[in-house]
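First comes the structure, then the notes that go with it.
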Amino acid sequence: MGTKYVYLFKEGNANMRELLGGKGANLAEMSSLGMPVPNGFTITTEACNKYYDDGEKISDEIKAEIMEYLAKLEAETGKKFGDAQNPLLVSVRSGARASMPGMMDTILNLGINDVVAATIAEKSGNPRFAYDSYRRFIQMFADVVKGLSKKRFEEIIDEVKAERGIKDDLELNADDMKTLVARFKEFYQAELGQSFPTDPVEQMMEAIEAVFKSWNNERAIYYRRINDIPSSWGTAVNVQMMVFGNMGDDCGTGVAFTRNPATGENKLFGEFLMNAQGEDVVAGVRTPKKIDQLKEVSETAYEQFVDICGKLEKHYKNMQDMEFTIEGGKLFMLQTRNGKRTAQAALRIACEMVDEGLINSDEALMMVEPQQLDSLLHPMFEADALKKATVITTGLAASPGAGSGQIVFTANEAKEEVEQGKKVVLVRLETSPEDIEGMAVSEAILTVRGGMTSHAAVVARGMGACCVSGAGDIEMHAEEGYFVVGGKTYKRGDWISVDGSTGNVYGEKIPTVPAEISGNFERFMEWADERRVLQIRTNADTPKDAAQAVRFGAEGIGLVRTEHMFFEGDKIKAIREMIVASTDEQMEEALNKLEPMQQADFEGIYEAMEGRPVTIRFLDPPLHEFVPQDPDDIADLAKEMNISVDELQNIIDGLHEVNPMMGHRGSRLDISYPGIGRMQTAAVIKAAINVNKRHPEWNVVPEIMLPLIGDLKELKYVKKIVVETANKVIAESGVELAYHVGTMIEVPRAALLADELAEDAEFFSFGTNDLTQLTFGFSRDDAGKFLPEYYDAKVYENDPFARLDQHGVGKLIKLAAELGRKTRPDIKLGICGEHGGDPSSIDFCHRVGLNYVSCSPYRVPIARLAAAQAAIVNE
Ligand code: PEP
Ligand code: MG
């Protein structure tokens, strides 16, 4: 027998999600539980995939099977398509494996033509209802199947209302509805050069095809990308007998949740409207009633509904979101699914369901999306104010949180304004490390360029600052003190608001509320910690960030980016002196200035971490990032260094590289300037010795990490610098100190030769930002410019800098982990690229058997939960 592409609801069950989609599987499950579900059938996701494989054609084989199931549906319901006595009307709805609310298309009232409308009018005794359903169907069909503009239909409705001298849709009578049907058909014919299809089978086949097509509409593709849903899943299509909530006063329709989706309170929550169709509840023209009031309208329907809600929640062991319709006083269930909820609600529901004995703690852990926890850690916009605000542009949701402030264009302005007591949003074309202080004091950061691993994004996440990056529609005129977007000008000092969780930017002030962390949060995280195998470290460059990460549960630091420390105060001067030095003596002098400052930085971090492991990565970025670009700053530095502006300019020009991220950076700097490595080693070792003296109980064991290594000889060369310096400092100090030297794996060559590197490296940390950049050959700063075209072409489905490319980059990680362990079985393996805070990447790290993931402080709770889920799922 060939593949079965169609299933009656009664043939399926909840475990068949992959094939029947979420909606289809749950309709099947409710049917088999004996709940009142209108009959129907589901066309599988495999049929959708076949539709695309066949060049966007529903094959004859599948068409025949649909016809066979239509006949079964007719037999079940005793109704017939297009029948003049007892016509069958159906809804045709999408339903993917994962719920994608509102992303794909739905058509209601399908099966109506002139004959059927007349029959319904007569049988229901309600001609207005019959022709209202008919005109709604034409409207939906024209929009969804034929792509005609909705606007024209609304205009026609307005014209008829004007002719009749009425204002409200509800005042349109049966004849008006007939007029609408006629005019809609005329418009349809004029636009498409064909008449509106009268054959219900033709209507249905076209509608099914439109649902398949809607799997690849723009919003569905976008939704899939941000929710990690592969395009290969496809959507199922549900064809279901219509029941009508708008046939009279004993009819109605509504939506309800078994618990409150905003707070998690264990109380039925929902709304309904009598004499209405589903879209009326959503449209907001009439104010729906609270679900409790259904009691007053129909006690039997209400009690039956409450009973079903209880059963569904127990059955699915999760809070349910349901749609129902009442036709002639009789209740029908149209949908149930796990309800979306706020993070607060998610935690409360998870904890209370454990207390109620409904689920165990593993099930509770699986119920909360790790990413959601984030909203508990940052301030948020007031929900009501946000609803009223207008989006002026959208960029990448680079670092979550909400910030409102007055526009400033430079980091200095930000500092000055904040000192005056103002709140600011820093708007930049792109940020450079020099901006860090300005970023730290801003309510939010908005950049025109840059992707998810751009400097602005990485630094903002590290600080827990709200940031939207890559808002490419903004036309910057920073020098003149304004920017333009959507034809409007926003000047320095104007209020804007930035939502780092959605990427939305608003042209106005929106009040924020501080994040609330309830007791459930802690309890829940304890369950996660008991369950996870991966350790969670953090990427932190300052004692403040380190302390924050510890409060969020970090067990160590996986990456200290030492370069970030160089931008504070006098350090930038000293490093500039080092870069500009033309003699060994000058270099030495500059390094001697830097060493105690670095040592103090490291002591601060060791103190903040109270003995937890800390991996310090040596200087990484190309040196041009440290030199000034602004002519005034260049003049100042020249003066300070006692050289001419021209000489300095020559040095700066000499640092120019065509592709600096693939240039003179990482351990390559230590090969050229071994003094840097010596200075950093001395600073780390002295810091550890000092902290151990103050806190012998902590026993700090430095972990020195060398960046961008690609060859064993290179590693040996740089390691020798480190070891000689470290041993000398230790010997001079007269105390004992253990320390480890390891390498980052961020050049594909390092992954390929990991067995060799492991001879000398005591640990590996996968720097997946650079490893992704170099494996794809995509610049991590610019790929955002063309990746959208890759998404459209469905070559890549999401940003490999945000979500680890397990297929390609992951293969290198797996290989390197295996090779490394072969040489050194106890080698410690971690990841410190941005992927260390991404749940699907964390799952991969668990499967590969890494020891830890390291991520920015505000992602630590997310990583703890994701690691627990990985342990549960992969058990
Ligand atoms: C990396 O490349 O993944 C990494 C952590 O280093 P950086 O982002 O500082 O280059
Ligand atoms: Mg790197």
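Just so it is clear, none of the values below were taken in a lab; they were calculated from the coordinates. What you are looking at is a predicted structure, and each value in this text was computed from that prediction instead of being measured. Don't worry about glycine lacking a Cβ; one is built from the backbone with ideal geometry, like all the others, and counts go over all protein chains shown.
Shape index of region 198-343: Rg/Rh, with Rg the Cα radius of gyration and Rh the Kirkwood radius from the inverse mean 1/r over Cα pairs, equals 1.01. Straight Cα distances below 18 angstrom link K423 to the lysines K415, K491, K509, with same-chain residues fewer than 8 positions distant left out. Working note: 222 nm ellipticity from helices only, DSSP H runs with n ≥ 4, each -39,500 (n - 2.57), summed and divided by the residues of the chain, gives -14000 deg cm²/dmol to the nearest 500. Of the residues K50, K814, the one with the fewest other Cβ atoms within 10 Å heads the list, and the complete ranking is K814, K50.
Each label was represented as a point 7 Å from its Cα along the Cα-to-Cβ direction; for N15 and E724 these points are 6.7 nm apart.
Taken about its Cα centre, region 681-777 carries a charge dipole of about 380 debye when Lys and Arg each add +1 at the Cβ and Asp and Glu each add -1 at the Cβ. Between amide H atoms placed 1.01 Å from N, distances below 5 Å from S856 occur with N539, all of them 5 or more places distant or on a separate chain.
Once backbone amide H atoms are built at 1.01 Å from N, I392 has V505, Y506, G507 as its partners under 5 Å, excluding neighbours fewer than 5 places away on the same chain. Taking 8 Å as the Cα distance limit and 6 or more residues as the minimum spacing, I'd like the relative contact order of the chain as a percentage. Once normalised by length, the contact order is 9 percent.
For region 562-577 versus region 116-159, the inter-centroid distance based on Cα atoms is 70 Å.
Could you tell me the center-to-center distance, by alpha carbons, between region 1-23 and region 669-745 in angstrom? Cα centres, region 1-23 to region 669-745: 61 Å.
Annotation for region 831-866 versus region 627-667: alpha-carbon center distance of 37 Å. For the chain, the Cβ-based charge dipole about the Cα centre amounts to some 1800 debye (Lys, Arg positive; Asp, Glu negative; other atoms uncharged).
In plain terms, the chain from K340 to R694 could stretch by 122.4 nm, reckoned as 0.36 nm per residue minus the Cα-Cα distance.
Note on the chain: semi-axes of the ellipsoid equivalent to its C-alpha gyration tensor, largest first and rounded to whole Å, are 59, 30, 25.
Between A635 and H807, residue separation times 0.36 nm minus the direct Cα-Cα distance comes to 56.9 nm. Take the Cβ atoms of A75 and D782, set R0 to 56 Å, and the FRET efficiency comes out at 0.40.
Neighbour counts of C-beta atoms inside 10 Å place H564, H807, H695 in the sequence H807, H695, H564, starting with the fewest.
Think of the chain as a dipole: +1 on every Lys or Arg Cβ, -1 on every Asp or Glu Cβ, centred on the Cα centre; then among F381, W233, A863, W233 lies furthest on the positive end. Once both labels are positioned 7 Å from their Cα atoms along Cα-to-Cβ, the gap between E56 and L192 label points is 1.6 nm. Between the Cα long axis of helix 674-694 and the first principal axis of the chain there is an angle of about 80°, rounded to the nearest 10.
Per the Debye calculation on region 330-431 with a single equal scatterer at every Cα and no solvent contribution, log₁₀ I(q)/I(0) for q = 0.15, 0.19, 0.25 Å⁻¹ amounts to -0.86, -1.08, -1.35. The DSSP beta bridges internal to the chain are antiparallel in roughly 65% of cases. For region 365-500, the alpha carbon convex hull comes to 115 Å³ per residue, rounded to a whole number. In order along region 113-130, phi translates into HN-Hα couplings of 9, 4, 5, 5, 4, 4, 4, 4, 4, 6, 5, 7, x, 9, x, 4, 4, 4 Hz, rounded to whole numbers, per the Karplus curve 6.51 cos²θ - 1.76 cosθ + 1.60 with θ = phi - 60° and x for Gly and Pro. Across q = 0.10, 0.21, 0.22 Å⁻¹, region 607-736 modelled as identical point scatterers on its alpha-carbon atoms has Debye log10 I(q)/I(0) values of -0.46, -1.12, -1.17, in the order of the q list. The modelled label-to-label distance for the pair E875/L429, using points 7 Å beyond Cα in the direction of Cβ, is 5.5 nm.
Relative to the longest principal axis of the Cα atoms of the chain, the long axis of helix 299-316 makes an angle of roughly 40 degrees. Listing S779, S582 from fewest to most neighbouring C-beta atoms within 10 Å gives S582, S779.
Amide H contacts of V741 (H built 1.01 Å from N, in plane; Pro and chain starts excluded): I704, E762 sit under 5 Å, all sequence-distant by 5 or more or on other chains.
Computed from backbone phi, the HN-Hα couplings of region 605-615 come to 5, 4, 4, 4, 8, 6, x, 6, x, 9, 9 Hz, rounded to whole numbers (Karplus: 6.51 cos²θ - 1.76 cosθ + 1.60, θ = phi - 60°; Gly and Pro given as x). Against the chain, whose longest principal axis comes from its Cα atoms, helix 712-733 is set at around 60 degrees.
So, R0 is 25 Å and r is the distance between the beta-carbons of I166 and K146; what FRET efficiency does that work out to, to 0.05? E between I166 and K146, to the nearest 0.05, is 0.30. The HN-Hα couplings worked out from phi for region 90-97 by the Karplus form 6.51 cos²θ - 1.76 cosθ + 1.60 (θ = phi - 60°) are 10, 9, 10, 10, 7, x, 7, 4 Hz, whole numbers, x standing for Gly and Pro. Between N227 and D570, the contour length at 0.36 nm per residue exceeds the Cα-Cα span by 119.0 nm.
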